[in-house]
Every structure is written in C-alpha cells, then in structure tokens.
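Engineer: Okay, handing you the structure first.
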Amino acid sequence: MKTRFDIEDPLFKNHLKENPFTLPHNYIEGVKESLSGKIEEQSKKVGLWTILKPQLSLVTAFAIVFAVAYGIFGLSGGSLPTTKKSSLQVMSSGQMPYIEEGFLKTSFIDFFDSSTDSLSAKHNDISQEELLDYINQNVDLVTLSYLEMRD
Amino acid sequence: MEDKDLLELYREDGKQRYAFNLIVDKYSERLYWHIRKMVASHDDANDILQNTLLKAWKNLEGFREESRLYTWLYRIATNESLTFLKRARLKATLSLSDYSKQLENQLEADAYFNGDDTQRLFRKAVLKLPDKQRAVFSMRYFDDMKYEDISEVLGTSVGALKASYHHAFQKIQNFLKEHV
C-alpha cells in the first residue's frame, strides 16, 4: 500500500508528472502576436512620455521653488509683526518725522552746499565799493530811508 | 541558441525585438506551464503569461546577468502568479467564498484536462498547498529544478526550500492516502 501512494516512487512519479492538460490550437503563436501588439502600443506610450517628461519636471521644479519661496515669505510675514510692527509704530509716531526732517535737511545741504555754489563764490568776490555803486544806481530814496528806519 | 548569445544579440543595435522574439520562442511555453500549475485556469494563466513577458521586455535592458535568464524569467512569472493569487484570495474573502475551493472547481470543470482520476486527484492535492509552497513543489517536482535555482527565483535559502518541499510532500501523501 505504501508504495502505491509514494509520489517519489519512480514509476508513480513518471505518471504523475505527465502533463494532463492540453493547449488551445496555436495558442503560443497567438501569445506572440498579442505580445507584439502590446509592445508596439507601449512603445508609442513611452514616446509620448519621453516628450512630456522633461517639460513636466521643469514645471514641477518651478512649482516647488515657488512653493518653498511662498512658504518662507508666508512664515516670516506671520512671525515678525509682533516685534517689528511695534518698533515701526514707535518710529512712525515719534521718530519718523525727525528722521524725515533730518533726511530733508541733509538733502537740502547736499543740494545747496555753499562751498560748491558758484553764485555764493561770485558773491564773495564783490567789493564794498561795487556794492554801494549798485545800491546808488538801482535803489530809490524811499527804500533807502525805510532801510535806515529799520536799523 | 544559448541564453548568452540571445542576450548579446539583444544588445546589438536594432536587434532588440528580434532577440526578444527568440527569447519568447524559447521560454513562453515553459513559463505558461509553470504559471498554469499555480493558477489552474487557462484564461488566468494566459493573462499572467502576457504580463510576465511584457515585464520581461520592459526590464530586459536593465538585466545585468547577475542571475541566469531563465531563473530571472521564472522569478517574474512566479511573482506575477503570487500577486494574482493574493488579489484573487482577497476578492474571494470579501465575497465570503473559499478561493481554494474555486481552484478545485476550476480543475474539475477544465475542458483542457485529459488525465485520469489519479492525476486529477494529485493535481487537486497540489492546488490545496499554500501558494508559495505550491511554487516550490512545482519547480522541484515537475520541472526538476535544483534547489539553488529555486532559491534564485524565490530569494529563499536552500534550507528553507528543502523544509518547504518536505512539508508539501507530506501533505500531498496524506491527502492521497485519505482519498484513494
């Protein structure tokens, strides 16, 4: 009995190993044809992907850079105001006018620096006599008496 | 043509499709029967074979000959079969049915089965094995593969494969004793 069920027994094994299945007619040929069609189809799909891949990766890279930059600005904009806003408020209420004034004064000095002013330099060259002559010729008596009264 | 020559031909310019067709000629039937022993139905075996060959085509360019071509192809076929069975079992569980019973029924109703009762009973016993154990048993018993080659296919140690084969062998013997 034992040998009858021993699947490793050479005689029994040969019988059990026999292929009891059959294949549909020309099945393997059909597989090859079907496979060729699928490979053809795939190579077309791959072609389209090859074209799109670099463009898509470029767009993705830009999107990531934009997202990161947006994230950084968004975060810093959200965290700074509590400290920076207050200092800005102090400056705008008290210090800003002085700064602006100083800025304007500096600008005025920069633009109208007497040392570089050609008119002032000329004025320094005019003598006392020339000045008196000019007044005598161009200023009337009424004006001169008014100036004397003021002094 | 030897596998080495086929791969050399594949690497020549413009010869890829031709060389791959030769590989398909050489291995498709062998792979089909390996898959068929795993899934029982011809239609399922056909789908899995096509997927296997397509995957082989896609990945052959990156094949670095670290394993032999035939064990590489067997590995793809086995993985595809195991994935298919896993999904089918999950689907069957969700619909509250027994997938092992479905496999047996497929064998009973198979129009392409021409064997006798002993062969049918033996195939039924093989289908009752867990999927990976069935793969080990099929490769060793039907295809006379060496344990080292099966190890390359399944990525399992030779010792574990021997133990797995021994368990499968015992289960089948017991099943046959009970049913004959």
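The values are calculated or read from the model by the stated rules, or taken from the named source; none is laboratory data. Only a predicted model underlies this, so the values are computations on that prediction, with no experimental measurement involved. Positions of Cβ are generated from backbone atoms using ideal geometry, with glycine treated the same way; all protein chains shown enter the neighbour counts. Ligands, DNA and RNA are excluded from the accessible area calculation, which covers all protein heavy atoms including side chains. Shrake-Rupley method; radii C 1.70, N 1.55, O 1.52, S 1.80 Å.
Engineer: Looking only at the stretch B:28-41, which residues are crowded, with 19+ Cβ neighbours inside 10 Å, more than 14 Å from B:Leu127 (Cβ to Cβ) and within 11 Å of chain A (Cβ to nearest Cβ)?
Structural biologist: Within the stretch B:28-41, B:Ser28, B:Leu31, B:Tyr32 meet the criteria.
Engineer: A further question on this structure: Determine which member of the set B:Leu49, B:Leu9, B:Leu54 is among the hydrophobic types (A, V, I, L, M, F, W, C), more than 11 Å from every other protein chain (Cβ to nearest Cβ) and either within 18 Å of the chain's Cα centre (by Cα) or surrounded by 16 or more Cβ atoms within 10 Å (Cβ to Cβ) (or both).
Structural biologist: Numbers: B:Leu49 fails: more than 11 Å from every other protein chain (Cβ to nearest Cβ); B:Leu54 fails: more than 11 Å from every other protein chain (Cβ to nearest Cβ).
It is B:Leu9.
Engineer: Just give me the residues in the stretch B:68-87 being open to solvent by 20 Å² or more (accessible area, probe 1.4 Å) and in a helix (DSSP H, G or I), in sequence order. Step through it out loud before you land on a result.
Structural biologist: At the first step, the residues of the stretch B:68-87 found to be open to solvent by 20 Å² or more (accessible area, probe 1.4 Å) are B:68, B:70, B:72, B:75-76, B:79-80, B:82-84, B:86-87.
Across the stretch B:68-87, the qualifying residues are B:Tyr70, B:Trp72, B:Arg75, B:Ile76, B:Asn79, B:Glu80, B:Leu82, B:Thr83, B:Phe84, B:Lys86, B:Arg87.
Engineer: Now a separate question. Give the stretch B:106-140 a look and list any residue that's outside any loop (DSSP other than H, G, I, E, B), more than 30 Å from B:Thr156 (Cβ to Cβ) and either among the polar types (S, T, N, Q) or more than 12 Å from chain A (Cβ to nearest Cβ) (or both), or say none.
Structural biologist: B:Glu108, B:Thr118
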